[in-house]
Amino acid sequence: IYRQGTVVTADTGFANEANMKYLHDRQINGYVPDNKFRSRDPKFQNQKDKYGKRHQDLPDKGWKETIPASEFQFDPVKLTCVCPAGNELHHEATRTDEQGIIRAHFKARLLQCRYCPKKHRCMQNPASADHRKGAGRQVSFTIENKRLPNYTDWMKHRVDSPKGKEIYSHRMSVVEPVFGNIGTTKRLNRFSLRGKKKVQGQWQLYCLVHNIGKLANYGQ
């Protein structure tokens, strides 16, 4: 089907280096934006102020502001990290994420957080440090490196081009409103049944209601 002029589009969840390399090596005409593509487009500059954020009316889940990682003392040369309370965190690993960015991950030892006077301001769930199966505070830092251009950069240029914006806008206008209506307006963010047959039935009922709404509004 790729030889017949088919264009492949996908959402940002599929944007990683391996997928971009696959499209490039097989010369597949694909457009897969990264999760920063809107921030690079001036047309989306005032979108959140105009339309608000998705799920903004949902109940508060209790997420609180904690001490940011910027207040931790990170040494990229020695790969050490010291928390605001003066405790040195354990260096777990240095990994390259799906976007090719190198990050150093640190984790506090359980006893360090358990008796720390700042844990209520530092941790989302301070009680997790009070039992042996819990976990201490975790932070990660980006390690700057002078890397060569990769396949993700190649896709960014495709998506940011006038042709790429035109092609991806078709997907946005056809697919995203359906996801927005069923997932956000009708609140189907997870299935409440188990088993393929039951889940299929629940999904078809939501699709039925979605299509009835379209007929009611645009059927004439």
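The values are calculated or read from the model by the stated rules, or taken from the named source; none is laboratory data. Everything numeric here is computed off the predicted structure, so don't read it as measured data. Cβ coordinates were reconstructed from backbone atoms using ideal geometry, including for glycine residues, and neighbour counts include every protein chain displayed. Keep in mind that these areas ignore ligands, DNA and RNA; they rest on the heavy atoms of the full protein, side chains included. Shrake-Rupley method; radii C 1.70, N 1.55, O 1.52, S 1.80 Å.
Out of curiosity, is Leu111 touching a helix residue (DSSP H, G or I) at 6+ places or on another chain (Cβ under 8 Å) and more than 24 Å from Ala15 (Cβ to Cβ)? Spell out the reasoning first.
Numbers: touching a helix residue (DSSP H, G or I) at 6+ places or on another chain (Cβ under 8 Å): no; more than 24 Å from Ala15 (Cβ to Cβ): yes.
Criteria not met by Leu111.
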Residues that are open to solvent by 60 Å² or more (accessible area, probe 1.4 Å), in contact (Cβ under 8 Å) with a residue 24 or more places away in the chain and within 21 Å of the chain's Cα centre (by Cα): does region 110-121 have at least one? no
Among the residues of region 3-18, is there at least one that is modelled with pLDDT under 95, touching a Gly at 6+ places or on another chain (Cβ under 9 Å), assigned to a helix (DSSP H, G or I) and open to solvent by less than 70 Å² (accessible area, probe 1.4 Å)? yes
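Please enumerate the residues belonging to region 19-34 that are in a helix (DSSP H, G or I), open to solvent by 10 Å² or more (accessible area, probe 1.4 Å) and in contact (Cβ under 8 Å) with a residue 12 or more places away in the chain.
Within region 19-34, the first condition is being in a helix (DSSP H, G or I), and the residues that meet it are 19-25.
Restricting the remaining residues to those that are open to solvent by 10 Å² or more (accessible area, probe 1.4 Å) gives 19, 21-25.
Once the filter is applied, which keeps residues that are in a helix (DSSP H, G or I), open to solvent by 10 Å² or more (accessible area, probe 1.4 Å) and in contact (Cβ under 8 Å) with a residue 12 or more places away in the chain, region 19-34 yields Asn19, Lys21, Leu23, His24.
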Looking for whichever is in contact with a helix residue (DSSP H, G or I) (Cβ under 8 Å, 6 or more places away or on another chain), open to solvent by 60 Å² or more (accessible area, probe 1.4 Å), modelled with pLDDT under 95 and among the charged types (D, E, K, R) here; the options are Glu92, Glu98. Which one fits? Glu98
Which members of region 140-199 meet the condition of being in contact (Cβ under 8 Å) with a residue 12 or more places away in the chain, among the small types (Gly, Ala, Ser) and more than 30 Å from Lys214 (Cα to Cα)? Ser140
Output the residues belonging to region 7-37 that are over 12 Å from Tyr151 (Cα atoms), more than 21 Å from the chain's Cα centre (by Cα) and not hydrophobic (A, V, I, L, M, F, W, C). Arg26, Gln27, Asn29
Single residue of Ala129, Ala104 found to be open to solvent by less than 20 Å² (accessible area, probe 1.4 Å), of a type in the set (A, V, I, L, M) and touching a helix residue (DSSP H, G or I) at 6+ places or on another chain (Cβ under 8 Å): Ala129
Residues that are modelled with pLDDT of 85 or more, in contact with a Gly (Cβ under 7 Å, 6 or more places away or on another chain), among the hydroxyl-bearing types (Ser, Thr, Tyr) and in a helix (DSSP H, G or I): does region 119-128 have at least one? yes
